[in-house]
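Novice: Below is the structure I would like to discuss, written out as structure tokens.
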Ligand code: NAD
């Protein structure tokens with residue numbers, strides 16, 4: 001393992017030279033990143049194919065394309081975001097002006113997962129560079145080809161004292177966490193998130209945690225069933241269900257369960273064919289351990305759709321289980337695979353109570369035409385973010401900061417949200433020296449009376 005301590009020391013020294021704070025430097029770095037990604041597109045597509053059997057379409061749409069779009073958006077707006085923001089000044093501070101300066105933290109550590117191994121390493125990098133930081137990326141060891149491609153791309157364009165990729169597993173991650181970095185940005189599971197926060201707490205390092213959990217999807221009786229079925233099938237089975245914001249489980253109203261089941265079956269066939277296991281573009285499960293874990297869930301409830309798998313290729317066809325309750329093993333933790341359990345309900349209150357009894361979700365999806373139902377769900381359930389009448393799509397809007405709440409994460413990013421996440425907001429009061437208002441001083445005559453005129 002390369003000497004991590006000396007790398008962090010070099011990055012700190014480079015940061016203190018002040019180059020990364022210059023707007024021109026940041027814009028140039030983002031341009032270089034964009035160019036290198038474009039030049040290495042084939043290499044990346046190949047790596048994603050080898051690591052996860054991602055099809056070219058999925059790999060481009062959900063990894064390379066979204067990253068290029070994030071760079072384009074950031075370059076377009078960075079000058080505005082980076083300007084000191086002049087804010088109001090209260091009358092008690094007469095004579096002064098007030099500003100909020102966005103300044104980089106210093107050395108940012110980005111630890112990323114395997115499910116979107118390129119996007120989830122590079123999107124935080126874009127925000128970190130935009131804000132003027134130096135960055136160390138620790139990509140996932142479970143997708144080694146993509147991690148290697150990321151390391152290659154970064155080494156091609158950036159000196160290590162500015163951006164470096166350190167490949168390795170949990171032990172490497174721990175070694176990095178033992179260093180004095182200035183910001184930690186972690187994307188991964190809830191249990192590891194707790195370990196990361198504990199390490200950050202020891203040094204009081206600010207951090208963002210992008211975690212996971214069980215994200216509900218509610219299909220109410222007045223939903224547009226055909227569209228709901230198609231949009232849920234897309235969001236759930238994209239990347240073989242290995243998406244942090246995938247609908248984890250369904251709550252379907254009893255009145256429409258049969259009609260929904262028929263429409264859902266049709267949607268799966270439309271998207272993946274009659275025999276999904278023979279579809280060469282089906283993304284695979286990342287490891288044998290995860291495959292076994294998912295295969296174990298197939299015993300729960302009743303099989304409604306799918307259920308076939310191929311251990312050799314680590315693929316599982318889109319599967320739906322009915323007659324599920326919160327007691328089933330599939331309902332205990334995030335599923336993170338192409339298996340969708342269905343709970344039924346009669347009253348919306350059952351859904352709300354059911355979700356309240358579990359950790360606050362990362363995402364929530366509701367399919368309903370009724371404004372009243374939409375408001376009731378939005379007003380009564382806390383979740384990171386989500387969609388009404390769609391799934392997953394909120395994730396790719398640069399105008400919607402993305403993140404969880406409590407057990408599903410702390411902090412948010414994307415678009416300006418990324419710039420803000422990687423910037424410390426330094427509040428500064430610029431006071432006049434032309435005069436000096438006396439009220440605050442203890443020797444002023446009738447001081448208490450006068451101060452009460454202002455502070456009431
Ligand atoms: P993970 O938590 O196992 O690993 C994530 C990263 O942490 C990897 O780089 C890994 O090497 C490192 N790591 C693992 N154990 C560690 C330890 N003990 N100490 C320090 N570092 C350690 O997560 P994963 O399996 O790669 O990813 C899947 C999880 O990530 C799911 O729970 C999913 O919901 C979540 N996720 C969240 C988002 C989001 O944006 N909120 C996005 C994608 C994935």
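Novice: Do you know which residues across segment 6-15 are in contact (Cβ under 8 Å) with a residue 40 or more places away in the chain and exposed (fewer than 13 other Cβ atoms within 10 Å of the Cβ)?
Specialist: 13
Novice: Hey, another quick one. Only one of these conditions is not met by residue 323: (1) out of contact with any strand residue (DSSP E or B) (no Cβ under 6 Å at 6 or more places or on another chain); (2) surrounded by fewer than 19 Cβ atoms within 10 Å (Cβ to Cβ); (3) on the phi > 0 side of the Ramachandran plot. Which number is it?
Specialist: Residue 323 satisfies all of (1) out of contact with any strand residue (DSSP E or B) (no Cβ under 6 Å at 6 or more places or on another chain); (2) surrounded by fewer than 19 Cβ atoms within 10 Å (Cβ to Cβ); (3) on the phi > 0 side of the Ramachandran plot except (1).
Novice: I'd like the full set of residues that are in contact with a helix residue (DSSP H, G or I) (Cβ under 9 Å, 6 or more places away or on another chain) and closer than 22 Å to residue 272 by Cα, limited to segment 299-315.
Specialist: Passing the criteria: 304, 305, 306, 308, 309, 310, 311, 313, 314, 315.
Novice: Give me a count of the residues in segment 363-395 that are more than 21 Å from the chain's Cα centre (by Cα) and under 14 Å from residue 247 (Cβ atoms).
Specialist: Summing the residues that are more than 21 Å from the chain's Cα centre (by Cα) and under 14 Å from residue 247 (Cβ atoms) in segment 363-395 gives 1.
Novice: Assess whether residue 207 counts as being within 16 Å of the ligand (Cβ to nearest atom), surrounded by 18 or more Cβ atoms within 10 Å (Cβ to Cβ) and within 22 Å of residue 392 (Cα to Cα).
Specialist: no
Novice: So, one more: At least 3 residues that are surrounded by 23 or more Cβ atoms within 10 Å (Cβ to Cβ), in contact (Cβ under 8 Å) with a residue 60 or more places away in the chain and within 12 Å of the ligand (Cβ to nearest atom) in each: list the strands (runs of 3 or more DSSP E) lying fully within segment 69-184 that qualify.
Specialist: Where strands (runs of 3 or more DSSP E) fall fully within segment 69-184 and carry at least 3 residues being surrounded by 23 or more Cβ atoms within 10 Å (Cβ to Cβ), in contact (Cβ under 8 Å) with a residue 60 or more places away in the chain and within 12 Å of the ligand (Cβ to nearest atom), they are 107-111.
Novice: Would you mind stating whether residue 407 is in contact with a helix residue (DSSP H, G or I) (Cβ under 9 Å, 6 or more places away or on another chain) and over 29 Å from residue 131 (Cα atoms)?
Specialist: It is false that residue 407 is in contact with a helix residue (DSSP H, G or I) (Cβ under 9 Å, 6 or more places away or on another chain) and over 29 Å from residue 131 (Cα atoms).
Novice: Return a yes/no flag: does segment 420-428 have any residue that is out of contact with any strand residue (DSSP E or B) (no Cβ under 6 Å at 6 or more places or on another chain), assigned to a loop (DSSP other than H, G, I, E, B) and surrounded by fewer than 20 Cβ atoms within 10 Å (Cβ to Cβ).
Specialist: No; the residues of segment 420-428 include none that is out of contact with any strand residue (DSSP E or B) (no Cβ under 6 Å at 6 or more places or on another chain), assigned to a loop (DSSP other than H, G, I, E, B) and surrounded by fewer than 20 Cβ atoms within 10 Å (Cβ to Cβ).
Novice: Can I ask one more? Checking residue 328 against (1) surrounded by 15 or more Cβ atoms within 10 Å (Cβ to Cβ); (2) in contact (Cβ under 8 Å) with a residue 40 or more places away in the chain; (3) out of contact with any helix residue (DSSP H, G or I) (no Cβ under 6 Å at 6 or more places or on another chain): exactly one of these is not met. Which one?
Specialist: For residue 328, the exception is condition (2).
Each value in this text was obtained by applying a stated rule to the coordinates, not by laboratory testing. Not measured: the values here are computed from a predicted model. All Cβ positions, glycine included, derive from the backbone under ideal geometry; neighbour counts span all protein chains shown.
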